[in-house]
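K.L.:
Okay, handing you the structure first.
The values are calculated or read from the model by the stated rules, or taken from the named source; none is laboratory data. Nothing here was measured: the structure is a model prediction, and the numbers come from that model. All Cβ positions, even for glycine, are placed from backbone atoms using ideal geometry, and neighbour counts span all protein chains on display.
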Amino acid sequence: MSTFDPGRLVMVDIPGTRLDAETAAFLREQKIRSVCLFRKNIGSESEVRALMADLIEVLGPEALIGIDQEGGAVVRVTLLPQPPSAMALGAGGDAARAEAVGAAVARGLKSLGINWNFAPVLDVNNNPANPVIGERSFSNDPAEVSRLAAAWMRGSLREGVACCVKHFPGHGDTHVDSHHALPTVDKSRAELDALELVPFKALAAQAPAMMTAHIVYPQIDPDRPATLSPELLGGILRRDWGYDGVVITDALMMKAVAERFGYARSAVMAIEAGADMVLAQGSPAEQLVAINALREAFASGRLTPQQGDVANARLDRLAAAYPAQPVDDAAARAADHALMAEAWAAGLTALRGATAPRLDAPLRVIVQGDVPTDMVSEAGPTGRQAVALFDRFTDAQVQMVDDIAKLDWATVPRDGRANVLVSTRRARYGAASKGWQPDLHIALWNPYQALDVAGPTLLSWGFAPGALAGIKAWLEGRAQAGGRAPQGLN
């Protein structure tokens, strides 16, 4: 007979930047030991520290407090040194730098008391049309993903923050964002073994935790996404590879799962399949649906006491190895900011002979003003930030557009000015871009926009302060762009 409460197998989110009494009571009553923080929870540093102290008190000594602090556009705590995206590190190619960045990310999180980071991404981004991974991947080469992710993870684990590699068994070859619909990757086991599974298998022995993908692999399991699949979680990961680390689901509220299986059913199916923890975001009522479903499944015998005990033990082991205990990182913070800036600059990549214009050259800077976010990444760069890159140019006119994907190149004046197209958006441009002919194209976010526009292109792989500083230095002739893009991105 199990002695733990199934609430210990559920990770929830919470409202606001402080722990209110009602939420604290809910966490205690439901025996929850794990919370995932999002941007909505991050206030000032003092507010974050107060929130963490309250959470640790309520969740107890075996608390697991998670967050997405990957780097690039997926960084929830922006008050910490902001790390380069994975593909920026891939463009730099230096494993020692990747390890140093992973360590710096962990130092920042550890200083606040956060002990579980849902990173690094092991997805092999071999599909340029992928709407959700892109620069979050280290490369389209599985060997490079394995090499650099292993280094990044070494740094994080050494500094005392648990990594959670994702999204098993691979989200790189999808055309659909699983936040909005259910993607399918129709590949055989042999094809998966040759590409998607390579980094996960290579790093399984080092990864203390893995996050699942809400993707159907019909040649392995035609009926269930990986998150709910005994063939993928219980078969490949647990049986074939002998993986005994923690397996946590991606968010059950994502439409790929929620609309087809619902909270209650999917929570139970995930534990049945081989997961240890379900990520149940939403209102307390929605979270309670998942918690009560697990309680009922254990009470009825659908889930066995042994399944619960094994999952709980894995989670206990993770919390013991990486405790949620804030430490002072004041001595390292300034150096870590400098490290991130250097790492961003090292990834800056010039394609097709891109060179910076003269500071006195007459320019036209074409940029979109406001950029919608996809709710996975943080809000993108503004048009004002893009324009600020050119503040040392003596003759730069600005052409703001409402939607750069609708730009009609025939309307761009031919008056002798060099046209510089600066992209602040996440999505690819689409068919309208085929006639564009900028003298310089600067992609601040999605590097695969380089495939949409023929011409000299500068890739920054992201828009954090370090990335923007690197671009500005290159434009002003103070820096080189020595990064290398993945094969096929040219």
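K.L.:
From the list Pro362, Pro372, Pro381, exactly one residue is at pLDDT 95 or above and not assigned by TED's automatic domain parsing to the domain that holds Phe38. Which is it?
P.N.:
Of the residues listed, the single one that is at pLDDT 95 or above and not assigned by TED's automatic domain parsing to the domain that holds Phe38 is Pro362.
K.L.:
Right, something else. Cβ-Cβ distance below 7 Å, separation of 6 or more or different chains: which pairs start in the stretch 241-254 with a residue that is closer than 19 Å to Ile215 by Cα and modelled with pLDDT under 95 and end on one that is among the hydroxyl-bearing types (Ser, Thr, Tyr) and in a loop (DSSP other than H, G, I, E, B)?
P.N.:
Pairs that qualify, where the first residue is closer than 19 Å to Ile215 by Cα and modelled with pLDDT under 95 and the partner is among the hydroxyl-bearing types (Ser, Thr, Tyr) and in a loop (DSSP other than H, G, I, E, B), are Met254/Ser178.
K.L.:
Would you point out the residue of the stretch 273-286, among those that are out of contact with any helix residue (DSSP H, G or I) (no Cβ under 7 Å at 6 or more places or on another chain) and not in a loop (DSSP other than H, G, I, E, B), that is nearest to Ser34 (Cα to Cα)?
P.N.:
Per the criteria, the residue is Leu279.
K.L.:
So, in the stretch 329-362, of the ones that are part of a loop (DSSP other than H, G, I, E, B) and within 12 Å of Trp474 (Cβ to Cβ), which residue ends up nearest to the chain's Cα centre (by Cα)?
P.N.:
Only one residue fits best here, namely Leu348.
K.L.:
In addition: Among residues belonging to the stretch 302-342 that are surrounded by fewer than 15 Cβ atoms within 10 Å (Cβ to Cβ) and acidic (Asp, Glu), point out the one that is nearest to Gly470 (Cα to Cα).
P.N.:
Out of the qualifying residues, it is Asp328.
K.L.:
Quick one: in the stretch 294-310, of everything that is outside any helix (DSSP H, G or I) and without any contact (Cβ under 8 Å) to a residue 12 or more places away in the chain, which residue is farthest from Ala103 (Cα to Cα)?
P.N.:
So, considering only residues that are outside any helix (DSSP H, G or I) and without any contact (Cβ under 8 Å) to a residue 12 or more places away in the chain, the one farthest from Ala103 (Cα to Cα) is Gly301.
K.L.:
A further question on this structure: Exactly one of (1) under 17 Å from Val367 (Cα atoms); (2) at pLDDT 95 or above; (3) not small (Gly, Ala, Ser) is unmet by Thr424. Its number?
P.N.:
Checking Thr424 against (1) under 17 Å from Val367 (Cα atoms); (2) at pLDDT 95 or above; (3) not small (Gly, Ala, Ser), the one that fails is (2).
K.L.:
So which helices (runs of 4 or more DSSP H) are wholly in the stretch 1-103 and hold at least 2 residues that are over 16 Å from the mean Cα position of the chain (by Cα) and β-branched (Val, Ile, Thr)?
P.N.:
45-59
K.L.:
Pull out all pairs, ordered by first then second residue, where Cβ-Cβ is under 9 Å, the residues are six or more apart or on different chains, the first lies in the stretch 279-293 and is assigned by TED's automatic domain parsing to the domain that holds Asp250, and the second is of a type in the set (Phe, Trp, Tyr) and crowded, with 20+ Cβ neighbours inside 10 Å.
P.N.:
Pairs that qualify, where the first residue is assigned by TED's automatic domain parsing to the domain that holds Asp250 and the partner is of a type in the set (Phe, Trp, Tyr) and crowded, with 20+ Cβ neighbours inside 10 Å, are Ala280/Tyr263; Gly282/Tyr263; Glu286/Tyr263; Gln287/Tyr263; Val289/Tyr263; Ala290/Tyr263; Ala293/Tyr263.
K.L.:
Would you confirm whether any residue within the stretch 429-451 is surrounded by fewer than 18 Cβ atoms within 10 Å (Cβ to Cβ), free of Cβ contacts under 8 Å to residues at least 24 places away in the same chain, of a type in the set (D, E, K, R) and farther than 26 Å from Asp141 by Cβ?
P.N.:
Checked the stretch 429-451: at least one residue is surrounded by fewer than 18 Cβ atoms within 10 Å (Cβ to Cβ), free of Cβ contacts under 8 Å to residues at least 24 places away in the same chain, of a type in the set (D, E, K, R) and farther than 26 Å from Asp141 by Cβ.
Yes/no matrix, rows are residues, columns are (1) assigned to a helix (DSSP H, G or I); (2) surrounded by 24 or more Cβ atoms within 10 Å (Cβ to Cβ):
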site: Glu144; (1), (2): yes, no
site: Leu148; (1), (2): yes, yes
site: Gly170; (1), (2): no, yes
site: Leu182; (1), (2): no, no
site: Leu192; (1), (2): yes, no
site: Gln206; (1), (2): no, no
site: Thr227; (1), (2): yes, yes
site: Glu231; (1), (2): yes, no
site: Gly235; (1), (2): yes, no
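K.L.:
Could you list, in sequence order, all residues of the stretch 52-104 that are of a type in the set (D, E, K, R) and touching a strand residue (DSSP E or B) at 6+ places or on another chain (Cβ under 8 Å)?
P.N.:
Asp68, Glu70, Arg76
K.L.:
Another question about this same structure. Exactly one of (1) more than 27 Å from Glu70 (Cα to Cα); (2) out of contact with any helix residue (DSSP H, G or I) (no Cβ under 6 Å at 6 or more places or on another chain) is unmet by Val289. Its number?
P.N.:
(2)
K.L.:
Another question about this same structure. Which ones in the stretch 207-259 are among the β-branched types (Val, Ile, Thr), touching a helix residue (DSSP H, G or I) at 6+ places or on another chain (Cβ under 6 Å) and closer than 20 Å to Ala190 by Cβ?
P.N.:
Selection gives Ile215, Ile220.
K.L.:
Output the number of the condition that Ala313 fails; it satisfies all remaining conditions of (1) out of contact with any helix residue (DSSP H, G or I) (no Cβ under 6 Å at 6 or more places or on another chain); (2) in a loop (DSSP other than H, G, I, E, B); (3) aliphatic (A, V, I, L, M).
P.N.:
(2)
K.L.:
Can you tell me which of (1) over 30 Å from Leu148 (Cα atoms); (2) in contact (Cβ under 8 Å) with a residue 60 or more places away in the chain is the one Leu27 doesn't meet?
P.N.:
So Leu27 meets the others, but not (2).
K.L.:
Sticking with this structure for a sec: Yes or no: Asn419 at pLDDT below 95 and either farther than 21 Å from Val387 by Cα or outside any loop (DSSP other than H, G, I, E, B) (or both)?
P.N.:
Spelling it out, it is not the case that Asn419 is at pLDDT below 95 and either farther than 21 Å from Val387 by Cα or outside any loop (DSSP other than H, G, I, E, B) (or both).
K.L.:
Can you spot a residue in the stretch 452-471 that is surrounded by fewer than 17 Cβ atoms within 10 Å (Cβ to Cβ), in the same structural domain as Arg352 (by TED's automatic domain parsing), without any contact (Cβ under 8 Å) to a residue 24 or more places away in the chain and under 19 Å from Pro84 (Cα atoms)?
P.N.:
So far as the stretch 452-471 goes, no, none of its residues is surrounded by fewer than 17 Cβ atoms within 10 Å (Cβ to Cβ), in the same structural domain as Arg352 (by TED's automatic domain parsing), without any contact (Cβ under 8 Å) to a residue 24 or more places away in the chain and under 19 Å from Pro84 (Cα atoms).
K.L.:
Hey, can you tell me all the residues within the stretch 132-143 that are of a type outside the set (Phe, Trp, Tyr) and in contact with a Pro (Cβ under 8 Å, 6 or more places away or on another chain)?
P.N.:
Residues satisfying the conditions are Gly134, Glu135, Ser139, Asn140, Asp141, Pro142.
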